[in-house]
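First the structure, in the form of structure tokens, and then the observations on it.
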Amino acid sequence: MKMNGNLTTGRSFFARALQVLLLTLLCSAAWAQIPVFEIEIREHLFFPAEFEIPANQKVKLIIYNRDATPEEFESYELNREKVIVGNSQGVVFIGPLKPGEYPFFGEFNLKTALGKIIVK
Amino acid sequence: MRSARYKLAGVALLCSAGMDQALADNPEHHNGVGSVNDPYVQAMEREIELRTIFQTDAKSSEDNILRQRISYGFSISDRVFLEAYAIGTRLPDQSFELEGYEIETKIQLTEQGEYNTDWGVILEYERQISESIAELATVLVASRQWGNWVGTLNLGIEYEFGSNIRDEIDRFASGQWRYRYREAFEPGVEFYADEFTLGIGPVLTGVIRGNGNNKWHWEAGLIAPLNDTTPDQTLRFLLEWEF
């Protein structure tokens, strides 16, 4: 490894990275009003376990955990995981999604807490 | 709008503080390759992490250097995660030694998917044991998904101080571009940049599920140099047990 490297390469790279970040920030404007869907967790089950949401639109899920124990809403297909402690609620934003079926599950109760979001 | 103003103010601070500072003058045994952090925190999360960095180089004094970090971390809320690291190093022709420790706090700023980009910030304090050298760092973390692709960017500034080092402010950046192929196997590309390091290379990551909420997260990468002060090859491995 030589010790006389050109440090300006790293400096200009950092400046470019900052420019990209600033542009991204400006693009992250506040989102418009989005549809809200509610899910309940009761006795380690999701209610509803299956529901439809609109395609190509961001959706807000409010998940109420009515059990005393924690649960984790998780879906690799949705790229989301959210731990919701007992007797509390959590918010998960999903989409915009293409039409299709997107399974989800409760990580703490894999055998019972299963569900599916149908995007139409 | 209010949160957008905070974000812009943070970036302006990052730019003004980092750009015109003097550079450190000694790249000996320096390697800026680590890992790329995401901005997410889960409530009730606990983890043990082992991170290995192994470098080879044509220059013998920079060849065959091994760095190990082991940590324990836990979340104190659904937005704040604390982690403590022990850091060890084996330099050429020397035995493995405990080099220092680090305390880190990750704060998730926005809900995943709430905005086009997800945001977080990491605050770090690192201290060497044998020498009076310490670092305070702030890292801005951004992540965005495009279909099955996920891009993550870490931009940081650090203040190095102590009686064995000239006090200075440095900046660093790292990024990852990853394809969500399977939960257990996601290929990608990473880059690392700091005052001496400029490197890029492939990375593989994945999650393997155990019983209940036990999960094993793994990462392996090979970083090649883009300048003369980055080691010829840097291999990195990460294994994280979430429970």
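Derivation of every value follows stated rules applied to the coordinates shown; laboratory data play no part. Predicted model, so just to flag it, every value in this text is computed and none were measured. With ideal geometry, Cβ positions are generated from the backbone for all residues, glycine too; neighbour counts draw on all protein chains shown.
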Name every residue in segment B:61-88 that is over 15 Å from the mean Cα position of the chain (by Cα), surrounded by fewer than 19 Cβ atoms within 10 Å (Cβ to Cβ) and not basic (Lys, Arg), in order of residue number.
B:61, B:63, B:64, B:66, B:72, B:74, B:76, B:77, B:80, B:88
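Here's the yes/no breakdown for (1) under 24 Å from residue A:107 (Cα atoms); (2) within 11 Å of chain A (Cβ to nearest Cβ); (3) surrounded by fewer than 21 Cβ atoms within 10 Å (Cβ to Cβ); (4) out of contact with any helix residue (DSSP H, G or I) (no Cβ under 9 Å at 6 or more places or on another chain):
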position: B:170; (1), (2), (3), (4): no, yes, yes, no
position: B:176; (1), (2), (3), (4): no, no, no, yes
position: B:192; (1), (2), (3), (4): no, yes, no, yes
position: B:195; (1), (2), (3), (4): no, yes, no, no
position: B:199; (1), (2), (3), (4): no, yes, no, yes
position: B:220; (1), (2), (3), (4): no, no, yes, yes
Name the residue that is farthest from the chain's Cα centre (by Cα), counting only residues in segment B:46-60 that are charged (D, E, K, R) and within 17 Å of residue B:218 (Cβ to Cβ).
B:47
Check whether at least one residue in segment B:57-80 is in contact (Cβ under 8 Å) with a residue 40 or more places away in the chain, out of contact with any Cys (no Cβ under 8 Å at 6 or more places or on another chain), under 24 Å from residue B:134 (Cβ atoms) and assigned to a loop (DSSP other than H, G, I, E, B), and report yes or no.
no
I need the full set of residues from segment B:94-128 which are more than 20 Å from the chain's Cα centre (by Cα) and closer than 18 Å to residue B:65 by Cβ, in order please.
B:94, B:95, B:96, B:97
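Which one of these is part of a loop (DSSP other than H, G, I, E, B), closer than 21 Å to residue B:184 by Cβ and within 13 Å of chain B (Cβ to nearest Cβ): A:97, A:78? Step through it out loud before you land on a result.
Numbers: A:97 fails: closer than 21 Å to residue B:184 by Cβ.
So the residue among A:97, A:78 that is part of a loop (DSSP other than H, G, I, E, B), closer than 21 Å to residue B:184 by Cβ and within 13 Å of chain B (Cβ to nearest Cβ) is A:78.
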Assess whether residue B:154 counts as being over 19 Å from residue A:79 (Cα atoms) and part of a loop (DSSP other than H, G, I, E, B).
no
Taking the conditions exactly as written (surrounded by 20 or more Cβ atoms within 10 Å (Cβ to Cβ), more than 16 Å from the chain's Cα centre (by Cα) and in contact (Cβ under 8 Å) with a residue 24 or more places away in the chain), does residue A:46 satisfy them or not?
yes
